[in-house]
1. Starting from the amide H of Glu516, placed 1.01 Å from N in the peptide plane, find each other amide H under 5 Å away whose residue is 5 or more places distant or on another chain.
2. Take the residue pairs Lys27/Lys110; Lys27/Lys371; Lys114/Lys371; Lys122/Lys196; Lys357/Lys391; Lys16/Lys371 and return only those whose Cα atoms are more than 26 Å apart.
3. So if each residue of separation counts as 0.36 nm, and I subtract the Cα-Cα distance between Ala389 and Val375, what length gain in nm does that give?
4. Where the centre of each part is set by its Cα atoms, how far does the stretch 5-58 sit from the stretch 358-393, in angstrom?
5. Under 17 Å from a label point 7 Å along Cα→Cβ of Ala160: give me every residue in the stretch 173-203 with its amide N that close.
6. For Glu358 and Arg403 in one chain, what is 0.36 nm times their gap in residues minus the Cα-Cα distance, to one decimal in nm?
Amino acid sequence: MSWGTELWDQFDNLEKHTQWGIEVLEKYIKFVKERAEIEINYAKQLRNLSKKYQTKKNSKEEEESKYTSCKAFQTTLNETNDYAGQHEVISENMTSMIMTELTRFVQELKQERKSNFHEGRKAQQHIETCWKQLESSKRRFERDCKEADRAQQYFERMDADINVTKADVEKARTQAQIRHQMADDSKGDYSSVLQKFNHEQQEHYHTHIPAIFQKLQDMEERRIARLGESLKNYAEIDRQVIPIIGKCLDGITKSAESINSKQDSQTVIESFKSGFEPPGDVDFEDFTQSMKRTVSDTSLTNTRAEGKSEPKTPGKSRGKLWPFIKKNKGATPEDFSNLPPEQRRKKLQQKVDELNKETQKEIDQRDALTKMKDVYMKNPQMGDAASVAQKLIEVGNNIEKLRIEVQKFEGWLAEVEGRLPARNDNSRRQSALYETQNTAPVNNCAQDRESSPDGSYTEDQSQETEVKVTPTEFDDDFDDEEPLPTIGTCKALYAFDGENEGTISVAEGEILNVIEEDKGDGWTRIQRSEEEEGYVPTSYIEVYLDKNAKGAKTYI
């Protein structure tokens, strides 16, 4: 199989393919270079790491080295240092045996390819010139034949007309003869040019181009074979150091086997044992009985002494209806304002990426049309440049529209991202407060079971309420049917249509009461009246908390 016979009409594709082949080789050289750099840097870091953790003399570590685990660790450090040396060998061999040789080979390929395609373009230009001469001669012959035919018809009309003078008839006869002679001359010239073109075309497609393409094929096959040899060397360089690396790893394994795992496990137990008792069972509450309770020493004092809070009644949790349990009733807004901030940010980012991809496609189409227009302007017989210009205008308008859309969505995205850090910081403060208060040995895991957005339940009280031991919270456990206390106020920065279950609609600028803060899920519970309350996105409001209010959090 030869490129010269099978691919005689694929000059442009072969030019691209051979360029791609050289780029593949260059990419492989770059890969080996980066691999060598990684190996040398890795070796350097391993040596520094081993040196950093070596036991220092006259220190506490030297006394601890009598333990089996410490001895094994020291052995591991020494083997790691030897292991690093083998990676240095890999880096040196890859640089000298692969990179240097292939770089020189690529330069030779580039020069050879350039020479072959230069010769091929000269052959193409020559055959194109011959074709243009043939077309010109053909059109001239066609034109002369038509003019001779018209002159003959004119002469015949003049000869048949009895009112025309003999002189006019002779003049028409002479003109017809001249035109016939010109047509015969054009025919001979066209025949001669046609024979010449056919000969040149035969030489071009059966001699010149096959010879050039055969050189390119030989060059490409040498490149492929050289790449295969280099890949073998790449594997062999690694294989040469495997036995030594195996010895290093065997040394580490042997030292690890000398460690007493049972003793280490016991150490872990002693180090991390907290001493806390697991939480007890949760008492059953009979809600069929009257909710009126007599404050007694037993009910109040014992509960406080045990460090337990009464679980919240359904009266306080029934209003906790997550907005996204059901699908939206209306159409999704263009800016995804019906979603929580984090989900909205993801949707906006996805939209921006999609618009950018569409814009890039339009730009690529514009570039292709521009090249096509240039070709048509240089060679009008190949196509109409005006029609391409009209398409260019349409593509340009599409690009401008897409860019406006991208700017619009990027503006919304920047707005959302600008609000997220404040909420995240608030969540981190709440989490830190919980971590601090949870260190006290109080069994309160049964407190405040609440529903999470995915419909599951959790016993982690840090998601719903802060752990408090002040007497003010104790009253909440008995006010099951009373509304939640107001802990502050808020101002609506934007209008929000609360179409989902559990949400509430607000107007821009409206002032409302806050009865439950954002717990990290992006929603705040507000109240317009005792009968009208619900959730709104935290990013849509500005909250003013009353630190002295019942139920308000105090940040440390």
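1. Under 5 Å from the amide H of Glu516 lie the amide H atoms of Arg525, each far enough along the sequence or on another chain.
2. Lys27/Lys371
3. Values: separation 14, 0.36 × 14 = 5.04 nm, distance 1.23 nm.
Roughly 3.8 nm would be gained on extension.
4. 39
5. Of the residues in the stretch 173-203, 173 have backbone N under 17 Å from the label point off Ala160.
6. 15.2 nm
Readers should treat all values here as calculations from the given coordinates under stated rules, not as data from a laboratory. Fair warning: this is a prediction, and the values are worked out from it, not measured in the lab. Quick reminder, even Gly has a Cβ in these numbers, built from the backbone with ideal geometry, and neighbours come from all protein chains shown.
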